[in-house]
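What follows is a short report on a single structure.
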Amino acid sequence: MTAFSLEPAQLAWCADLRTLAAERLRPLADKGEPGHVNRALVAELGGLGLIGRLFTSGALDLCLMRESLAYACTEAETALALQGLGAHPVHAYGTEAQRARWLPRVTAGTAIAAFALSEPGAGSDAAALELRAEADASQAGRSSDTAQAGRSSDAPVLSAAPDGPARWRLTGEKCWISNAPEADFYTVFARTTPGAGARGVTAFLVPADRPGLTGRGLDMLSPHPIGALDFDAVPVTADDVLGEADRGFRVAMGTLNLFRPSVGAFAVGMAQAALDATLAHTAGRDAFGGKLRDLQAVSHQVAEMALRTEAARLMVHAAASAYDAGDPDVPRRSAMAKLLATETAQYVVDTAVQLHGARALQRGHLLEHLYREVRAPRIYEGASEVQRGIIAKELYARQEAR
């Protein structure tokens with residue numbers, strides 16, 4: 001890892017994380033069952049203090065952690081990231097009671113979190129959510145004028161009914177949810193105001209044991225658990241709201257703006273692993289009377305892999321630093337970082353497979369593993385096409401503001 005403005009201490013920390021991932025986390029990951037939560041691995045991440053660091057450090061630290069872990073153990077990286085994604089809304093928007101109940105367990109690695117945004121008909125178009133949060137019949141006609149207490153200082157306040165918190169019933173489906181159906185709680189986004197688009201969505205903290213909530217695993221390419229959730233009149237109250245009613249889209253976008261650059265960091269870690277494996281292979285492989293690296297067609301491809309990986313890393317670091325500095329240009333920078341890094345990783349891993357030949361397609365080979373892992377980040381947390389749309393929208397908005 002090089003360049004940008006990383007301090008020697010940061011570079012040393014990244015090196016330590018790569019060693020930690022290879023020596024302590026990789027063995028636990030290998031014992032896990034594909035498609036299921038590896039609770040031993042999550043507990044180790046908690047015991048090492050890495051999950052807790054998600055909530056006390058900035059975006060750049062998050063990116064450094066994800067890139068370093070991904071280099072040696074993608075399973076550990078993903079387990080860490082999913083804890084952060086699912087629990088960050090609680091950390092940033094939750095009440096004191098919500099944070100006290102869940103964050104210590106998340107930090108310790110004993111409670112599994114999940115971010116439940118996508119639906120069968122609303123993936124990239126998050127404003128098209130159809131999971132319904134309908135007012136409980138017993139609450140009909142009540143006014144809401146008593147402020148709910150205990151929220152974090154940066155979170156909006158939700159009003160509650162005079163004789164008790166407002167109540168809703170969640171009905172519908174969520175799909176392609178990481179850690180489902182095995183999570184202990186879900187950050188769920190549901191429509192509280194029909195026809196209001198992004199303005200009519202509310203975020204709820206829903207424990208997995210709520211009546212009416214069921215789930216099933218999906219057989220996906222990714223080795224980590226992904227599932228669907230069914231909500232059959234699942235009860236929630238104002239005590240379960242994260243942020244403010246009808247303002248849940250703010251919770252979702254605030255979370256994604258933080259995590260999108262770090263998805264890019266995950267991709268950069270995979271790209272670097274593929275590049276290093278390719279350097280070693282092409283330097284040692286005999287071919288046509290010399291080594292593979294002696295062939296210009298090969299060496300130029302390796303140079304292109306390195307160029308793109310470093311460019312992606314720099315953009316990820318720049319986006320994360322902008323987030324930490326409170327730059328108003330964060331949505332554009334985050335979208336650019338995720339887009340460039342994930343597309344770059346796809347290219348680098350694919351080229352690495354090509355230069356390795358058939359051996360890279362064998363089950364258990366590093367590149368066979370990376371080839372399966374690298375595809376999904378171009379889709380989740382906003383597909384590449386969505387990122388291009390965000391970038392263009394921000395650019396035109398800046399032009400019109402001049």
Need pairs with beta-carbon distance below 6 Å; first residue more than 16 Å from ARG308 (Cα to Cα) and within region 273-286, second charged (D, E, K, R) and surrounded by fewer than 19 Cβ atoms within 10 Å (Cβ to Cβ); sequence gap 6+ or separate chains. THR282/ARG293; ALA283/ARG293
Select from region 57-72 the residues that are among the polar types (S, T, N, Q) and either within 8 Å of ALA320 (Cβ to Cβ) or in a helix (DSSP H, G or I) (or both) and list them in ascending order. SER68
Could you check region 187-290 for strands (runs of 3 or more DSSP E) lying wholly inside it with 1 or more residues that are of a type outside the set (Asp, Glu) and touching a helix residue (DSSP H, G or I) at 6+ places or on another chain (Cβ under 6 Å)? 201-207
Do the conditions hold for GLN272, that is, is it polar (S, T, N, Q) and surrounded by fewer than 24 Cβ atoms within 10 Å (Cβ to Cβ)? no
Which residues, taken from region 354-385, are farther than 14 Å from ARG285 by Cα and of a type in the set (A, V, I, L, M)? LEU361, LEU366, LEU367, LEU370, VAL374, ALA376, ILE379, ALA383
Among residues belonging to region 35-54 that are free of Cβ contacts under 8 Å to residues at least 60 places away in the same chain, outside any helix (DSSP H, G or I) and not hydrophobic (A, V, I, L, M, F, W, C), point out the one that is surrounded by the fewest Cβ atoms within 10 Å (Cβ to Cβ). GLY49
With criteria (1) assigned to a loop (DSSP other than H, G, I, E, B); (2) surrounded by 22 or more Cβ atoms within 10 Å (Cβ to Cβ), TYR323 comes up short on (1)
Pick from region 172-186 the residues that are in a strand (DSSP E or B) and more than 17 Å from the chain's Cα centre (by Cα): which of them is nearest to LEU41 (Cα to Cα)? GLU173
If you take the residues in region 229-243 that are crowded, with 20+ Cβ neighbours inside 10 Å and small (Gly, Ala, Ser), which one is farthest from ARG132 (Cα to Cα)? GLY243
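All of the numbers you see were taken from the coordinates with simple rules; none came from a lab. Everything numeric here is computed off the predicted structure, so don't read it as measured data. Every residue, glycine as well, gets a Cβ built from its backbone with ideal geometry; the counts of neighbours run over all protein chains shown.
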